[in-house]
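In what follows, a structure is listed as structure tokens, so that the remarks can point back to it.
The values are calculated or read from the model by the stated rules, or taken from the named source; none is laboratory data. This one's a predicted model, so the numbers in the text were calculated from it and none came from an experiment. Cβ placement follows ideal geometry from the backbone for every residue including glycine, while neighbour counts extend to all protein chains displayed. Ligands, DNA and RNA are excluded from the accessible area calculation, which covers all protein heavy atoms including side chains. Shrake-Rupley method; radii C 1.70, N 1.55, O 1.52, S 1.80 Å.
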Amino acid sequence: MLDYLYNAGFTKTFNEFRAEVPELSDFTPDPTSPASGLLVKKWTSIIRMQRKVMDLEARLAQAHEELANAGPAASEGSKRVNKEWIPSSTPKNTLVGHRDKINAISFHPTYSVIASASVDATVKIWDWDTGECERTLKSHTKAVSDCTFDSTGKILATCSDDLFIKLWNVPDDYKNYATLRGHEHSISSVHFLPGDNQLISASRDNTVRVWDVHTSHCVKVLKPHSEWIRCALPSADGRLILTCSDDHTARITDRESAIMKTEMRGHDNRIECAVFVPMASIPAVRELVAQTGNAQTAKVDSLGISFVMTGSRDKTIKLWDALRGMCLWTFVGHDGWVQGLTFHPCGKFLLSAADDHTLRVWDLKTGRCLKKIEAHSPFVQCVAWGPTPVTEGGDETDRIVNVVATGGTDKLVKIWRP
């Protein structure tokens, strides 16, 4: 201690301390002594050890968490998949290659393939299992805002700020075989209608257009909003279209008659995303809002049009009664614009991506945030769950493919797997 005080320049304290301890009254500092500076070295070693202990404790906690999420299937060593797995804090793969932020991601329905759309005007095709980039699609001249595979995985549709929708033949090395023209401003989203013969697109020109995939012709123009339409999504039967807009509303419109069925108004800012609550999640949602089902609601539930979720720039996620337009619940927790929503296929959880650089997992039965994951820096732009469950003959029910993808303004696509 005296050596430390002397070397640190605390001369007065050094003299006082030495005077108070008779046994050390003859102590003389010796810079050449092996013990000189030993106290500082010990302190430094202790701090390093503390850091290592904290790091190991964090790793152990993560391992316990992953083991708990793995469930009994993993401990049995079987091939069964844990149907309630949720992402951990560390991605399995990080896909590097884009030169600007990622706007959208889409999983191939059959293969371990994912497409990513970027502001760098390209679409990249990746193997999400290995993390390798298989090819880069270059045809758009401005930012690509959305991409989606059809239900068979044979066609990839992309849309862009260059006013075009492009169709790519997946089996034919992703050849761009059609370009759909008609929108007068940036195109925000594109989705195939059930059956894959038509697709719908939403645009900043305040319209939703319906396209014939085989002829590339626009067969219908809808105008459900008077401002920029951020997203247009068909119902499971394709008869209704859910849209959200800069006018702070989400609306459900009949595709054939163009009549608005429901308006959902309650957000305090632009709505970035809107999705129908899938059939698997409806029981959990009904428990959340204390609603009981009956024969009449069962029929609507089977169509997947009973409830809607919206994410907004007001930092909230809202649950709506899709038939009456009433807000039933508000999920509060994000500190930035909510950019993307997707449901866990088990039906119990909602995943959300936001500009607060996090991916969050919500319990649909309680409305609480179960997990917050630091996913991208600074903003998370999109999130998607993996391929739709495939039925295994003779096995219990559907098999869930546990893989989640996120894209961010850091130009990265991250893959989250058990």
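Looking for something open to solvent by less than 60 Å² (accessible area, probe 1.4 Å), assigned by the TED database to the domain that holds M1 and modelled with pLDDT of 70 or more - is there at least one such residue anywhere in segment 66-83? Looking through segment 66-83, none of the residues is open to solvent by less than 60 Å² (accessible area, probe 1.4 Å), assigned by the TED database to the domain that holds M1 and modelled with pLDDT of 70 or more. The residue of segment 367-377 that is most open to solvent (accessible area, probe 1.4 Å), among those that are more than 19 Å from C273 (Cβ to Cβ) and outside any strand (DSSP E or B), is R368. One residue stands out in segment 278-323 among those that are among the basic types (K, R) and not in a loop (DSSP other than H, G, I, E, B): the one that is nearest to V338 (Cα to Cα), namely K318. Given the structure, is E134 open to solvent by 30 Å² or more (accessible area, probe 1.4 Å), part of a loop (DSSP other than H, G, I, E, B), charged (D, E, K, R) and touching a strand residue (DSSP E or B) at 6+ places or on another chain (Cβ under 9 Å)? Against the criterion (open to solvent by 30 Å² or more (accessible area, probe 1.4 Å), part of a loop (DSSP other than H, G, I, E, B), charged (D, E, K, R) and touching a strand residue (DSSP E or B) at 6+ places or on another chain (Cβ under 9 Å)), E134 does not qualify.
Where residues in segment 251-271 are in a loop (DSSP other than H, G, I, E, B) and under 17 Å from G340 (Cα atoms), which of them is least open to solvent (accessible area, probe 1.4 Å)? Only one residue tops the list, namely H267. Mind listing just one residue for me: the one in segment 107-131 that is of a type in the set (D, E) and part of a loop (DSSP other than H, G, I, E, B) and, of those, least open to solvent (accessible area, probe 1.4 Å)? My answer is D120. State whether one or more residues within segment 272-286 are at pLDDT 95 or above and open to solvent by 50 Å² or more (accessible area, probe 1.4 Å). No. Any residue at all in segment 311-327 that's touching a Lys or Arg at 6+ places or on another chain (Cβ under 9 Å), open to solvent by 50 Å² or more (accessible area, probe 1.4 Å) and modelled with pLDDT of 95 or more? Within segment 311-327, one or more residues are touching a Lys or Arg at 6+ places or on another chain (Cβ under 9 Å), open to solvent by 50 Å² or more (accessible area, probe 1.4 Å) and modelled with pLDDT of 95 or more. Of all residues in segment 225-236, those being in a loop (DSSP other than H, G, I, E, B), of a type outside the set (G, A, S) and open to solvent by less than 20 Å² (accessible area, probe 1.4 Å) number 1. Would you say L364 is under 24 Å from V403 (Cβ atoms) and surrounded by fewer than 19 Cβ atoms within 10 Å (Cβ to Cβ)? When the stated conditions are applied, L364 does not pass them. Among residues of segment 172-194 being under 20 Å from I252 (Cβ atoms) and either in a loop (DSSP other than H, G, I, E, B) or modelled with pLDDT under 95 (or both), the one that is least open to solvent (accessible area, probe 1.4 Å) is L193.
Assigned to a strand (DSSP E or B), over 19 Å from T406 (Cβ atoms) and in contact (Cβ under 8 Å) with a residue 24 or more places away in the chain: is that true of V275 in this structure? No, not satisfied. Close contacts from segment 127-146, counting a first residue that is closer than 20 Å to K175 by Cβ and a second that is assigned to a loop (DSSP other than H, G, I, E, B) and open to solvent by less than 30 Å² (accessible area, probe 1.4 Å), with Cβ to Cβ under 7 Å and a gap of 6+ residues or different chains, come to R135/Y174; L137/Y174; H140/A121; H140/D162; T141/A121; T141/D162; V144/A121. The residues of segment 147-171 that are among the small types (G, A, S) and assigned to a strand (DSSP E or B), listed by number, are A157, S160. Counting only residues that are open to solvent by 10 Å² or more (accessible area, probe 1.4 Å), in a loop (DSSP other than H, G, I, E, B) and not hydroxyl-bearing (S, T, Y), which one in segment 198-224 is farthest from T179 (Cα to Cα)? The extreme case among them is P224. Per the conditions (1) open to solvent by less than 10 Å² (accessible area, probe 1.4 Å); (2) in contact with a Ser or Thr (Cβ under 6 Å, 6 or more places away or on another chain); (3) not acidic (D, E), the sole criterion not satisfied by S352 is (2). Please work out if L341 is under 16 Å from P278 (Cα atoms) and open to solvent by less than 10 Å² (accessible area, probe 1.4 Å). No, not satisfied. Within segment 210-234, the set of residues being within 21 Å of M264 (Cα to Cα) and over 21 Å from the mean Cα position of the chain (by Cα) comprises L222, K223, P224, H225, S226, E227, W228.
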